[in-house]
Structures are given as structure tokens and as C-alpha cells.
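Every number here is computed from the coordinates shown, using simple stated rules; none is lab data. All figures in this text were calculated on a predicted structure; none of them were measured in a lab. No Cβ is skipped: glycine too gets one built from the backbone with ideal geometry, and neighbour counts run over all protein chains shown.
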Amino acid sequence: MTTVRPLVGVCLLLGLCVACSASQQTGTSDADSSSGPEQAVVARYADTEITQAELDSAFAASVGGREQAADTSLSAYRDFLDQYLNYRLKVRAARDAGLDTLSSIQRDVQRYRLKLARPQLMRDEVYEPVVRTLYERRQQAVDVSHILIRTSQNQDTTAAYRTIQTIADSLDQGVPFAELALRNSEDPSARKQGSRGHQGRLGYLRAGQIVEPFEERMYALDPGEVSDVFRTQYGYHILKVHDKRPARPPVRLSHILRRGRGSAAAPQQFLDSLRTEIQTGTLTFAAAAKQHSQDPRSASNGGALGTVNLQSLPPSLRSAVTSLDSVGTISEPVQSRFGHHLLKLTGRQERKSFDEAYDALKKKISGQRRVEHRKRTVAYRVRSEQGVTVDTTRLLTATGIASADSLARPLLSRPDSAAAMSRTAATLGDSTYTVGQMARHLMQTDGGARTTVAQLIESFLNENAIEYAAVQRSLTDPSLAQETRKYREGTLLFRYMQDSVWTAAAQDSAGLRATYRENEDQYRFPERIRTIVFRAPADSLLQPLKRRYEKDGSPGATVDASRSDTLVSVDTVFVSGRSPEVYQPVRSADDRDLVGPTSQDSEWLLMIRDTRLPPRPKTFAEARSSVVQDYQQTYEQRVIRRLRNRYDTDTYPERLRPPYEARSLGQ
């Protein structure tokens, strides 16, 4: 049998593991070995040279990086040279056969290129700028008040705007903001004394907690300033900034809570006494919380509240936590609306870097209007740079729609005329788009039936502008070009191996028969136990079958009985020493013995041992899959020898040095 080694590196391009090996061909040449080890030519084929630097890069990629490459012996590296050369020869042969011109491969590569480019474009042009703004703003907390006059989508907003403008005029005349908020704001919290939002005072907020137009203004204003009238999805607002301060990172807290009964001094005195015991070491904080805290949710956990955002705490508790200067410090008793507390600072969360915070902040803003706004901005820029034309008349005529302000719903039913659907409706740069493409876009749009033609045109052009920019990036970005090249080569390799090796070998009946005869002793069944296996999602479903078999001992009758339950399946398994562990008890049982029910993953098995089958040779039909695999390996070596002769190949293993990282480490 032919011994093969997997090509561990270059074939990872598609997750392939191509078995390939060949005898080394060595040659002598006095060229290119004196210009430094990295530029030394270590192999040649046709008009192409492979340098040590290229081989180093390919090998490092194959083993997971330079550090892993440093552990490689020179002998193993010489083996890799052979494998890498075989890979390059197959890709070259695929190109020479014109496989890279096949439309199916070109489409596949184009889809892959776009699959890489679009997420990168969205991160660089859309998400990262929005996330960075959010990250920088979140370094500050802003104490803010607001007045809200609500609007709804279907109402005339003129009256609401007049109302908010009258309030703005009153502010200009010196009427206190809190007084106007209490009397006029339609935020329900404005008139709830003691609650956040009373008299319009929302307290300290950070970016990401409120809608973007509100957030934008509160960070743009200085303390004491009042905003202009602006609108959000909730209505018209005016806001006032009272203060700004650095945002404090979250902390980890524990507490002991005592609720007041009778005199308010009683819980405070109790906690004072308890604090003394904790500080003198008589009692730990956790033990005191378990024994004395009246907060049932945290008491059993030693008082632990976990990670807490300071802005979420009542003002008295926030002030007390701020005064705790080091981890492990315990506060004086402090009162809140919940009762009296002892607080212990158990940890501070370090402020994350932008890269560390990116994923969480991106998740926070996903689906928000600020992201859609940024996406539209990018799309408008691309449209402006590339140029756009829209034939609105042709679109309306093709679909029988009256005007651009009409609903685009007729497009959903697809006009009967194929010619109408194939007409050009818009262009962007050098790309053209048909009426049919717009119809497909409408079908994929949420709420498409309520979309007007004008809205459809905007949505379609914006989406295709992003797509256009992604394609352009994929053609110019060096890292994307490199990844695409690797994918293209992997695709060509797969197609070449499929056509020239795997399929060809599988269809060579004479070669397969010869391989079977030459290795017949290796194609054998070991000793096996033929076993009837019943499977069900619960062992209770197998119990009736077990009782039936124990009663009459008939495998056939038990199989017939199992067919009445759709949740029970039955099949025959040939159990050998290589079978999964769940089947192994069958091998030590006697014929007609019952084994189980036994659990395996998410199902239960009941097994009847039928009979022992002695070892025997496999017929050609029984061994065919193994024979094909073995013959494909042999056939591949034959193909490689032909390619090496065809492309006049030479290798120079004596010029090889250990991979670059190994050399830099002095190996």
C-alpha cells in the first residue's frame, strides 16, 4: 500500500486535506543561493520559482503561526517542500486546463470575495465610527433634565410643535426649567415626586442609554445651557444640561439590609454594632449578611450584589460607594428608600480599551437608528462619487403605477411581461439594475407592501451602493486580495482533484480490481455481533418491548411490535471491537440476550444480540469504498509524477534552512 501524508498547510484554504506525497527530485544549480537564505530558490517548475521566503510563509500559515513553525525539524520541513510543490503543480495544471475560466468557479470566488469584503466595509465605514463616538462619549456622565411634548406617527404635529415652542419662549423669559417641566412635560415621571424624572430631572446619563438625537445634544451642550427644540420618535424635546463628570466604571458590591421598624434609629444602631464586629474580626461580612440581612435575594450569597453600575443606585447609596476608597472597605450605615445598608466594596471594574469594548458596544447599538443613519451616509457618499441615474418613468410604466408617491405593491405580484422586468431602471457607477431586481429587493424588505416607489428607489440604491463599495474594496484591499487568491486556488485545487483524481480513480474499474487483488488480505471483516437495536427518546418507550421479549423471546415479534410506535426506530448493527462504547456489552453477552435500555447522547437503546459472525474477507462490493480511497491515493501519485515531468520540476532541499522564526531564535 502507498503511504500518504496529508498536506497540512496550503489545503486548509478550503478545509481540505489532500493526501499527497512524492519522491524527492533533487537537482543542482548554482543560481539564487547566494542572495540570502530567504531569497534562495528551493524549487522550480515551468517558468516559476519557489523561494525559501514563500515556503516559510506557507508553512507558518499551515501550522498556525511562526511560533509553531519554530518547532519544526529540518527533515519535516523538507517533506513540506515536496507537499507544497505538489500543491503548486496541481493549481498550475488547473489553470492550464482553463478551470479558472469556468463561470461556476468565478461566481463562487466572487461570492466569497464579497462575503469577506462586506463585513469589513460595514465595520470600518459604519459600525466603528458609531461605536467610537459612543465609546468616547461614555467616558462622561451628563446630568440632564428634559421637557417632552408627545407626537404620534399619524397625527398632525403642528399643535405639538406650537406647544413646545411656547415653552421654549417661556424659558427665554426666565421661567425655571423645573417649573415648566412639572406643568407641561408629557413624560409621566415629571409629576411623580421622588422618582427619576421628577420635574424633568433625569439625573446622570451616559451615551447608549437614550436615543441618539437626545444624546447628541446633551453631549454638545455645556453645563447650564438649554437645547433648541428637537424631535425624536417620542415627540418634541427641550433639554437642559446641569453638570458633566467623568463616568465611573461599574463596581462589585455586597450589602447588608435592615428595614426600619418603629424608630429609624434601631436599624442604624444595629448596623453600627454589626460593623464593629466585622471590623474587629469577630464576624465576616458574608457571615453577617447570611445571618442578619433582610434582602432575601442577596443574603444567601453573603450579601453579594454582583457588578453594579453606580448610576443605577439611589443617590444616597451612590454617594456612599463613591466615598469607599479601596476594595474591602465597609461603609457607615446609609439609608435609602429600601431601608438601612452596610455596603462593602468588593471590586472595581477597569475601564476597557476600545478594542475590548467594541463587541459589547456594537451589540448595544445594533438595530438603532444611529446605525441606519450612518449606513445611509456611507451609501450617499458612494452614490455621489460613482454617479446614479434612475429611470422613474420606465419603472412606473413597467408596473402600471401612477406616481413615485404611490405604493410599490404592484411589483410584489410581478408583471407578466418578462421584457418589462428585464428593462434597466437604474445605474450606479458601471453597474446597471433592472425592474426585476427592484422587485426582488421589495420582496425582501420588511413592510414592503407599505413602501412607496420613491422609498423603494432610495432603499434599493442605498443597499446596492454598500454592495458596490464592498466589491470595489475587495478588488483593491491587499489583505482581501490575498484571502481571495487563497480561496480561488483552493477552489481550483478541489475541482482539479475531483476531475483528475477522485472521479477518474473511482471510474477506473480495472485499477480498482487490481488494487483489491493486490491488497485482498487487508479488506476483511473482523469478528462481529449482529445486533437488533431499538432506539427511542425515552427509556419508558422501550420498557414494553423489553417485557414482551422477556416473555416470548421472539426477536421478530418484538420488531413487529415496535412498528406500532412512531417514536421507536429499529435497525441492525454489526458490533465489533471498534464500535462505540455503548455497544460493547453486546460482545460479552450470549446469543438472544437482551441488553439495556442504555442511554446514548439524547436517545435510549435496547439491544438484542442475534448471532456471532466470524471474521471473513470482504467481497469487492463490500470493500469498494475502501478500495476506491486506496486507489485514489495511488492514482494521485501517478498524476503527480506526470505533472513533475510535464512542468520540468526541480527541488533543492539542500538549500533549505529551518523556518524563519526558528532561525531568529538561533535554532
Rounded to the nearest 10 degrees, what's the angle between the helix 128-137 long axis and the longest principal axis of the chain, both from Cα atoms, 0 to 90?
40 degrees
Under 5 Å between amide hydrogens, which residues at least 5 positions from G235 or on another chain qualify, with H placed 1.01 Å from N in the peptide plane?
T151
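Taking Rh as the Kirkwood radius, which is the inverse of the mean 1/r over Cα pairs, what is the Rg/Rh value for the range 296-415?
Using Cα coordinates only, the ratio equals 1.35.
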To test your reading of the geometry: what angle, between 0 and 90 degrees and rounded to tens, separates the Cα axis of helix 620-646 from the longest principal axis of the chain?
90 degrees
Under 5 Å between amide hydrogens, which residues at least 5 positions from A40 or on another chain qualify, with H placed 1.01 Å from N in the peptide plane?
Q52, A53
P(r) for the range 251-348, please, calculated from all Cα pair distances in 5 Å bins and given in %.
3, 14, 26, 29, 20, 7, 1, 0
So the compactness index of the range 140-246, its C-alpha Rg divided by 2.2 N^0.38 Å, takes the value 1.00
XL table K192/K290; K192/K244; K290/K364; K352/K375; K240/K364; Cα-Cα > 29 Å flagged, in table order, is K192/K290; K290/K364
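Taking the convex hull of the Cα atoms, report for the range 502-542 its projected area averaged over all directions, in nm².
Computing the convex hull of the Cα atoms and averaging its projections yields 6.0 nm².
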If you average the alpha carbon positions of the range 314-342 and of the range 436-504, how far apart do those two centres end up, in angstrom?
56 Å
Given that compact globular proteins tend to follow 2.2 N^0.38 Å, what is the ratio of the alpha-carbon Rg of the range 207-269 to that value?
1.85
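Which whole-number percent is the relative contact order of the range 251-348 (Cα, under 8 Å, 6+ apart)?
41 percent.
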Cα-based equivalent ellipsoid of the range 94-192: semi-axis lengths in Å, sorted from largest, via gyration tensor:
58, 19, 10
Whose amide H sits under 5 Å from the amide H of Q600, counting only residues 5 or more places off or on another chain, with H placed in the peptide plane?
L605
Starting from the range 331-373, pick out the GluC sites (Glu not before Pro) whose DSSP state is loop and whose Cβ has at most 11 other Cβ atoms within 10 Å.
E350
Of G224, S431, M443, farthest towards positive along the dipole that unit charges on Lys, Arg, Asp, Glu beta carbons give the chain:
G224
What is the magnitude of the charge dipole of the range 251-348 about its Cα centre, with +1 placed on the Cβ of each Lys and Arg, -1 on the Cβ of each Asp and Glu, and no other charges, expressed in debye to the nearest 20?
300 debye
Relative contact order as a percentage, the range 525-617, C-alpha pairs under 8 Å and 6+ apart, gives 46 percent
For each of T307, T651, count neighbouring Cβ atoms within 10 Å of the residue's Cβ, then give the residues from fewest to most.
T307, T651
Which whole-number percentage describes the relative contact order of the chain, with Cα contacts under 8 Å and a sequence gap of 6 or more?
18 percent
Average projection area in nm² (convex hull over Cα atoms of the range 435-475, one quarter of hull surface)
3.1 nm²
Just to check I understand the Karplus step: with θ = phi - 60° and J = 6.51 cos²θ - 1.76 cosθ + 1.60, what whole-Hz values come out for the range 243-248, glycine and proline as x?
7, 9, 8, x, 6, 8
In order over the range 497-512: 3J(HN,Hα) from phi, Karplus 6.51/-1.76/1.60, θ = phi - 60°, whole Hz, x for each Gly or Pro, gives 5, 5, 6, 9, 10, 5, 5, 4, 5, 5, 9, 8, 4, 5, x, 5
Explain nothing, just compute: Karplus ³J(HN,Hα) = 6.51 cos²θ - 1.76 cosθ + 1.60, θ = phi - 60°, for every residue of the range 576-590 in order, whole Hz, x for Gly and Pro.
10, x, 8, 6, x, 4, 4, 8, 4, x, 4, 5, 9, 7, 9
Of every Cα-Cα pair in the range 400-455, the percent that sits beyond 14 Å
55 percent
Let's test this: bin the Cα-Cα distances of the chain at 20 Å from zero up to the farthest pair and state each bin's percent.
12, 23, 32, 28, 6, 0
Between helix 74-96 and the chain, what is the angle of the helix's C-alpha long axis to the longest principal axis, kept within 0 to 90° and rounded to the nearest 10?
90 degrees
Stokes-Einstein D for the range 525-617 at 37 °C, 0.692 mPa s, Kirkwood Rh over Cα pairs, in µm²/s?
246 µm²/s
